[in-house]
Every structure is written in C-alpha cells, then in structure tokens.
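The values are calculated or read from the model by the stated rules, or taken from the named source; none is laboratory data. Quick caveat, the model's predicted, so the values are computed rather than measured. Using ideal geometry, Cβ is built from the backbone for each residue, glycine included, and neighbour counts are taken over all protein chains shown. All accessible areas refer to the heavy atoms of the entire protein, side chains included, with ligands and DNA or RNA removed. Shrake-Rupley method; radii C 1.70, N 1.55, O 1.52, S 1.80 Å.
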Amino acid sequence: YHAEISDDLKDGEKRYLIVIDDLDRLSPEEMLAIFSLIKSIGRLPNIIYLLAFDKAIADGIMRERFAAEGPQYLEKIVQASFDVPTIPESKLRDAFITFLNDLWMNEPELDASLFFHVGRHLLFPYLKSPRDILRLSNALKISWVPVSGEVDHLNFLFLEALRIFEPEIHLAIRRNKDKLVNGGPKDAPIDRLAAKGQYYQFLSLMGFEEVKRSRLCRGLGNLFPALRNIWGSPMHFGAHSFREWEKLRLVC
C-alpha cells in the first residue's frame, strides 16, 4: 500500500501540508507515537509536515527514552527547524489590556493604579504567552456577563486569574470565606506567628517557594484587608469600612 500511495501522490498535481501543533502538550508516549508515525511515513512525496513544539521538552523526553541518541533522534526526523521568538511581556500585557477595554466598554473606568499594583502580584506573572492570554480571555468572555454591574470588575479579574492559574488557592478562598470577608474573625489571634502559618496552610500557600508565596500574599492582602491583620501590622476595621466595601462591591 505504501508504494501505491507513494505513486499516486507523486503523479498528482497537489501538494499537502500537514500541521501538528502543541506536540509538547501530549504525554511522552503520545509524543513519541507521533514522531514514530512521521518517521515511518514521512517520506511520502508531495507531503510536508509542520510540527510545532517546545524543543526543550521534546529533547528531554528523547534523552530519557533514547539515551544513546538523545536530541539527535529528532534530527533524523526534522529536516529544518526554526525558533519562534519570545513575545515581550509588555506586548502581551498591552494585548490583554486591549481585550479588557473592549470587555468593560460599559463599565466605569478602571483604577489604573490599582490594576497595575495588584496585577503585578496576581495577574501579570501568569501572562507569559499568547496561550495564557487566550485561556483567561475566553474564561472572562463567559464568566463576566452574568455578574456585570454586580461586582467590582478588577476584583473579579484577579479572582478569575487565580481560578484559571492557581485553582487550589481559588478553591481555598471559597472554602474559607468566613476568615477573609469583612474584617475576618472577630477575635484577633493572640499568637500572630502561629496564625500566619495557619493562613498559609488553609490558603494552600505552604508548597510555594518563598518568593512566589510572598508575591501571592501581597496580592491577596490587597483583595482581603483581613489578611493584613495576619501578615502585616494589626489593623481595625469597623462597620463604616464594611459599608464602604459593600458599596464598592468588593470581594471582601
């Protein structure tokens, strides 16, 4: 059959381009199966394969499975390779802001200072590729419409970013609302150091490196003032603060 197909393709007037994207998102077994198939039938005439994948990931898998050959295994399959340049984070950020301006066209103008201040902790670190922007944008297109006008749009954005990129933290927030909303527990903790560790634990922050945990704490502290009593200087919040937060429709 291979010879017959080869003759038919050779005699035909058409050329075919087969595009296989996101190979690096497959399991190692699936990725190897694809490469093996291409290796076995890739010499069919008038067919070109365009493969898109993270070379470092693929090389690592090949090195693990074919220790003697490693990355050289791919060189026998891929005849020409091209590196796609990394998009600057500033460009990605601008593209996402353009999306938000369209999404929030009928909303009050966003607080740019708050957007960038909290965004550098809870948003921008997760927007590293067009795929990241697409994931969050697609989620917001669906989730924002039902709550438009009911909640603060910036607070909602940061929580959606956590839901998409840090689902365990988002779930922990939902499960521990009583410790986070308004001023938090009525009785201030006596042992603040112990309370700090407890809040790390129930917010699923214990497994992170110190730099990332510190970043998340600063961001969450801006959404939930109750956390400032635990992670920062002791503060008192009264009924006036609660009424103001409710008026602004903040998550806290």
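What the table below lists for this structure:
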read-out: Any pair with Cβ under 8 angstrom, 6 or more apart, that starts in segment 124-146 at a residue that is farther than 19 Å from ASP102 by Cα and ends at one that is β-branched (Val, Ile, Thr) and outside any helix (DSSP H, G or I); value: SER129/ILE87
read-out: Some residue of segment 177-186 being touching an Asp or Glu at 6+ places or on another chain (Cβ under 9 Å), modelled with pLDDT under 80, outside any helix (DSSP H, G or I) and exposed (fewer than 15 other Cβ atoms within 10 Å of the Cβ); value: yes
read-out: Residue match in segment 37-46 (condition: out of contact with any strand residue (DSSP E or B) (no Cβ under 7 Å at 6 or more places or on another chain), in a helix (DSSP H, G or I), open to solvent by 90 Å² or more (accessible area, probe 1.4 Å) and more than 18 Å from PRO130 (Cβ to Cβ)); value: yes
read-out: Some residue of segment 99-111 being open to solvent by 40 Å² or more (accessible area, probe 1.4 Å), within 28 Å of SER214 (Cα to Cα), free of Cβ contacts under 8 Å to residues at least 12 places away in the same chain and not in a loop (DSSP other than H, G, I, E, B); value: no
read-out: Any chance TYR1 is out of contact with any strand residue (DSSP E or B) (no Cβ under 9 Å at 6 or more places or on another chain) and among the aromatic types (Phe, Trp, Tyr); value: yes
read-out: Check on PHE124, open to solvent by 40 Å² or more (accessible area, probe 1.4 Å) and of a type in the set (Phe, Trp, Tyr); value: no
read-out: Every residue from segment 66-82 that is open to solvent by less than 90 Å² (accessible area, probe 1.4 Å), part of a loop (DSSP other than H, G, I, E, B) and not small (Gly, Ala, Ser); value: PHE66, GLU69, PRO71, ILE77, VAL78
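Rundown of residues vs (1) open to solvent by 60 Å² or more (accessible area, probe 1.4 Å); (2) more than 35 Å from the chain's Cα centre (by Cα); (3) of a type in the set (Lys, Arg); (4) over 27 Å from PRO130 (Cα atoms), yes/no style:
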| position | (1), (2), (3), (4) |
| --- | --- |
| ASP7 | yes, yes, no, yes |
| ILE34 | no, no, no, no |
| ILE48 | yes, no, no, no |
| ALA58 | no, no, no, no |
| GLU64 | yes, no, no, yes |
